[in-house]
Amino acid sequence: MSEAERYIFEIDEEHAGLRADSVLSSLLEDCSRNYIQKLIASGAVTLDGAPLASKKEKLSAGQSVSVLIPEPEPCEAQPEDIPLDVVYEDADLIVVNKPKGMVVHPAAGNANGTLVNALLFHCGSLSSVNGVSRPGIVHRIDKDTSGLLVCAKSDAAHRGLSVQLAEHSMTRRYRAVCFGELREERGTVVGPIGRDPKNRLKMAIVQGGKDAVTHWSVLTRLRGFTELTAVLETGRTHQIRVHMASIHHPLLGDLIYGPAKQPYKLNGQMLHAGVLGFVHPVTGQYMEFEAEPPAEYTETLEKLKRRG
């Protein structure tokens, strides 16, 4: 979010009865709940055309909610002493295993506590290609997705990694759990992704969107659910989540593309970027890294297996 943006959406049955601040903080993933509450207090959130009276107000199906997020003030990300799970590091780049709940770079409502803040403290300096608010960030994963990211320390490394991303030559393999039992062992979802014209808070398969290709294969068959591997050819916003929802198998824990009422209380979707591979932009050596999913993922998977 680099300029003022307005989002308008209609409350559906699955979000009916929930608190306004809860719904908005789950839909606006880069905005903290505290920031949403400040927007409500400032009058930037309207319900059916009138300012939302309270952050605690329960929403009803069919109501129209408008959210105006003001243009953020330019600010230079500051180093913060936040623990990092460093998988690999050298003079040119660093590979980290990002935890669930951490935003990758500063944005509206999340100026602090991001991966960038932690990297600046740990590394001292990062590449300048993406400016002062997103130094070193070559690619990103959603706030509530865990897993591997490569970040650049030097501009040369950043440019080399960006070329691989543009050419779709990076290896990016995810583990995920979706609703329903997939009939085939493997498949491919092809569909251009862009903003959902009916709900600007969401992405969707839309005509004129950016090309997107996701390959999936079954890892574990569960009663009522499936654990799968997803391999990205492209890297669009919410790609795996949108593509799996488009074939009627949304990810477990995904409150944006799946049902609002979930069978387990989770901190976001069951999605983990477990494998990342690329050619080192300086040495020319192919490198591949793997990270196990977090405890919440494995514990929930065990619960699903015990269901029979």
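None of the figures in this text is laboratory data; all of them are computed from the coordinates on show. Because the structure is a prediction, the values reported are computed rather than measured. Reconstructed Cβ throughout: ideal geometry from the backbone, glycine too, with neighbour counts over all protein chains shown.
Mind running the shape call on segment 74-167? Use the C-alpha gyration tensor, a ≥ b ≥ c as the square roots of the eigenvalues: rounded below 1.5 for a/c, prolate if a/b tops b/c, oblate otherwise. Don't skip to the end; give the middle numbers.
On the way: a/c = 1.35, a/b = 1.23, b/c = 1.10.
Judged from the Cα gyration tensor, segment 74-167 comes out rounded (a/c under 1.5).
Taking other Cβ atoms within 10 Å as a rough exposure proxy, Asp142, Asp254, Asp48 sort from fewest to most as Asp48, Asp142, Asp254. The label-point distance for Glu184 and Val86, in a model that sets each label 7 Å from Cα toward Cβ, rounds to 4.4 nm. Look at the alpha carbon pairs under 8 Å that are at least 6 residues apart: their mean separation over the length of segment 74-167 gives a relative contact order of 32 percent.
Binning all Cα-Cα separations of segment 121-193 at 10 Å, short to long from zero, yields these whole-percent fractions: 15, 37, 30, 13, 5.
Using a cutoff of 8 angstrom between alpha carbon atoms and counting only pairs six or more residues apart, the relative contact order for the chain works out to 16 percent. Label separation (Arg306 vs Ser169): 4.7 nm, computed from points 7 Å beyond Cα along the C-beta direction.
Ignoring everything except DSSP H segments at least 4 long, calculate the 222 nm mean residue ellipticity for the chain; use -39,500 (n - 2.57) per segment, divide by total residues, nearest 500. Write out the running numbers ahead of the final one.
Details: 6 runs with 59 residues, N = 308.
It lands at -5500 deg cm²/dmol.
Here, P(r) means the percent of Cα pairs in each 5 Å bin from 0 to the largest distance; for segment 177-248 it is 4, 17, 27, 22, 15, 11, 4, 0. Extension gain for Lys265 to Ile247 (0.36 nm times residue separation, less C-alpha to C-alpha distance): 4.1 nm.
In a simple Cβ point-charge model (Lys, Arg +1; Asp, Glu -1; nothing else charged), the chain has a dipole of about 880 debye relative to its Cα centre. Residues Ile205, Ile11, Ile36 in ascending order of nearby Cβ atoms (within 10 Å, fewest first): Ile205, Ile11, Ile36.
So if each residue of separation counts as 0.36 nm, and I subtract the Cα-Cα distance between Arg159 and Gln63, what length gain in nm does that give? Walk me through the numbers before you get to the answer.
Numbers: separation 96, 0.36 × 96 = 34.56 nm, distance 4.57 nm.
Length gained between Arg159 and Gln63: 30.0 nm.
Please return the longest range in the chain lying between exposed loop sites, taking trypsin sites (Lys or Arg not before Pro), DSSP loop only, at most 14 other beta-carbon atoms within 10 Å, and leaving the sites out. Value returned for the longest uninterrupted segment is 57-182.
So what is the relative contact order for segment 5-69, in percent, with contacts set as C-alpha pairs under 8 Å and at least six apart?
Details: 104 pairs, mean separation 33.3, N = 65.
Relative contact order here is 51 percent.
A simple spin-label model places pseudo-atoms 7 Å from Cα toward Cβ; at Thr298 and Lys210 they are separated by 3.3 nm. At R0 = 30 Å, how high is the FRET efficiency between Val282 and Asn112 if r is their beta carbon distance? Nearest 0.05 is fine. For Val282 and Asn112, the calculated efficiency is 0.45. Toward the positive end of the charge dipole of the chain, with +1 on the Cβ of Lys and Arg and -1 on the Cβ of Asp and Glu, the farthest Cα among Gln63, Ser217, Tyr88 is that of Gln63.
Expressed to the nearest 5 percent, the antiparallel share of DSSP beta bridges inside the chain is 95 percent.
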